[in-house]
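Reading through the structure tokens given below for one structure.
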Amino acid sequence: MLSIIFLRMEFSKMTQRLAKLMIFGGGKHSLLKLSIASSVFAVSALIVTPVQAANLIQNGSFETATVNPGSFLQLDAVSTAITGWTVSQGTIDYIGTFWQASEGARSLDLQGLASGGIQQTFNTTIGATYRVTFDLAGNPTGNPTIKEMRVSAGGNSADFSFDITGKSPSNMGWVSKSWDFTANSITTTLEFTGLGNSTTGAALDNVSVIALSSPSIPEPSSMLGLLGLGVLGIGSAFKRQS
Ligand SMILES: [Ca+2]
């Protein structure tokens, strides 16, 4: 946000300089000043720092709920006990002290009695691209060794697996995973499902979704970059006329 304010200030200064040059300018020096001013503006557009994108997911770390999982608690479809989330199918285990969470004190096992799923719906822009990031591990207390799960949104999905070899409840070996999707609706449902029939499945924590691009609103950096090119274009036009 600060960088946007900074760029707006730079753009404002730039506009004032241009106005002065156009009103009072004349001769070769004004073109030189215009070129210098254009360069200053182009550089200021290039040094924009990325603005932290907002996480579109509520309670992505599963820390808030109407129940206390204790060691762990089985939740059946269509439980909404975990704030913001719905158990979409089968059963999952809401994990408390049973193992070490990746973030905070709570996480999920996507296999309860068998495979289960959990989902959350949020607003999206059709055609925009989003990045899902989550932490993955596996229930280390039972077979199979390779835990498999699926993430789906926007009509697409991707499968991930985790090897529990050498892992334990106090050493889960959480890894960060990410997957991008393009929204095809004004709301999108993100779902995580366990794959397989065991009671010990993939572990999930720390979910976030951020917008990577929007088809209708250019990012500030690219928008200002285009303005910078436009300003340089004005400079060229001045030169051509002289
Ligand atoms: Ca957590």
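The values are calculated or read from the model by the stated rules, or taken from the named source; none is laboratory data. Model, not experiment: these values are computed from the prediction. So basically every Cβ, Gly included, is an ideal-geometry build from the backbone, and we count neighbours across all protein chains shown.
Some points to look at:
- Check on Thr121, part of a strand (DSSP E or B), surrounded by fewer than 20 Cβ atoms within 10 Å (Cβ to Cβ), at pLDDT 95 or above and within 16 Å of the ligand (Cβ to nearest atom): no
- The residues of the stretch 172-200 that are more than 16 Å from the ligand (Cβ to nearest atom), at pLDDT 95 or above, in a loop (DSSP other than H, G, I, E, B) and touching a Ser or Thr at 6+ places or on another chain (Cβ under 7 Å), listed by number, are Ala183, Ser185, Ile186, Thr200.
- Pairing residues of the stretch 195-207 that are closer than 11 Å to Glu148 by Cβ with residues that are part of a loop (DSSP other than H, G, I, E, B) and among the polar types (S, T, N, Q), at Cβ distances under 8 Å and at least 6 apart in sequence or on separate chains, gives Ser198/Asn143; Gly201/Asn139; Ala202/Asn139.
- Screening the stretch 69-110 for strands (runs of 3 or more DSSP E) wholly inside it with 3 or more residues that are more than 15 Å from the ligand (Cβ to nearest atom) and hydroxyl-bearing (Ser, Thr, Tyr) returns the ranges 86-95.
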